[in-house]
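Student: Can you read through this structure? Questions will come right after.
The values are calculated or read from the model by the stated rules, or taken from the named source; none is laboratory data. Predicted model only: the values in this text are computed from it and were never measured. Cβ coordinates were reconstructed from backbone atoms using ideal geometry, including for glycine residues, and neighbour counts include every protein chain displayed. The protein model used for the area step is the full one, side chains on, heavy atoms only, and it has no ligands, DNA or RNA in it. Shrake-Rupley method; radii C 1.70, N 1.55, O 1.52, S 1.80 Å.
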Amino acid sequence: MPSPNTRVVTAHVPIPLADKIDQMADRLERSRGWILKQALSAWVAQEEERDRLTREALADVDAGQVISHQAVQAWADSLGTDNPLPVPR
């Protein structure tokens, strides 16, 4: 019986992906549901972190904390030379 704190979510996935999930479940001796919960949890955490970093970057832009394109280009152009510039800050 499912836990009252869970909800069934269904999705159609390509057969090769479903087969890989089944193979992983067999190899790890876990259920298909466990594999999917692990994968979905990791993806959601990754997307939440990406969103956090984007908001942080936009806040820096709003606060004027940016590096000019010219400074970044000069630094990039100096890479691989005998005198690379320090990373612009």
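Student: Under 13 Å from the Cβ of ALA45, count the other residues' Cβ atoms, weight Lys and Arg +1, Asp and Glu -1, and hand me the total.
Tutor: Values: positive: LYS37, ARG50, ARG52; negative: GLU47, GLU48, GLU49, ASP51.
For residues surrounding ALA45, the net value is -1.
Student: So what is the accessible area of the chain per residue, in Å², with the probe set to 1.4 Å?
Tutor: Numbers: 8200 Å² over 89 residues.
Here the residues of the chain average 92 Å² of exposed surface.
Student: I'd like the accessible area for VAL66, computed on protein heavy atoms only with a 1.4 Å probe and all protein chains in place. Round to 10 Å², please.
Tutor: 90
Student: Also, I was wondering about something else. Filter the trypsin sites (Lys or Arg not before Pro) in the range 1-72 to those in DSSP coil with at most 16 other Cβ atoms within 10 Å of their Cβ, and list the result.
Tutor: Working: sites: ARG7, LYS20, ARG27, ARG30, ARG32, LYS37, ARG50, ARG52, ARG55; in loops: ARG7, ARG30.
Those satisfying the criteria are ARG7, ARG30.
Student: Report the GluC sites (Glu not before Pro) located in the range 2-75 that are in a DSSP loop and have at most 12 other Cβ atoms inside 10 Å of their Cβ, or state none.
Tutor: Numbers: sites: GLU29, GLU47, GLU48, GLU49, GLU56; in loops: GLU29.
Filter output for the range 2-75: GLU29.
Student: Would you mind telling me the share, in percent, of accessible area of the range 15-79 contributed by carbon and sulfur at probe 1.4 angstrom? Spell out each step's value before the answer.
Tutor: Values: 3140 of 5440 Å².
The nonpolar share, carbon plus sulfur, comes to 58 percent.
Student: Another question, then. Relative to the longest principal axis of the C-alpha atoms of the chain, give the angle of the C-alpha long axis of helix 32-62, reported between 0 and 90° and rounded to the nearest 10°.
Tutor: 20
Student: Just to be sure I understand the model, the point goes 7 Å from the Cα along the line to the Cβ. What's the resulting ALA42 to LEU28 distance in nm?
Tutor: Going from the ALA42 label point to the LEU28 one covers 0.7 nm.
Student: Can you give me the relative contact order of the chain as a percent, contacts being Cα pairs under 8 Å and 6 or more apart? Please report the intermediate quantities before stating the final value.
Tutor: Values: 22 pairs, mean separation 11.4, N = 89.
Normalised by residue count, the contact order of the chain is 13 percent.
Student: So, one more: Apply the Kirkwood formula to the chain: the hydrodynamic radius equals the inverse of the mean of 1/r over all pairs of different alpha-carbon atoms; give it in Å with one decimal.
Tutor: 17.9
Student: For the range 57-89 and the range 1-55, write down the distance between their C-alpha centroids in whole Å.
Tutor: 38
Student: A further question on this structure: Quote the charge dipole size of the range 15-79 about the Cα centre in Debye, to the nearest 20; the model charges only the Cβ of Lys and Arg (+1) and of Asp and Glu (-1). Numbers along the way, then the final one.
Tutor: Working: 8 positive and 12 negative charges, 63 e Å.
Here the range 15-79 has a charge dipole of around 300 debye.
Student: Another question about this same structure. Using a basic spin-label model with each label point 7 Å from the Cα along Cα→Cβ, how many nm lie between VAL9 and TRP75?
Tutor: So the two model labels end up 3.7 nm from each other.
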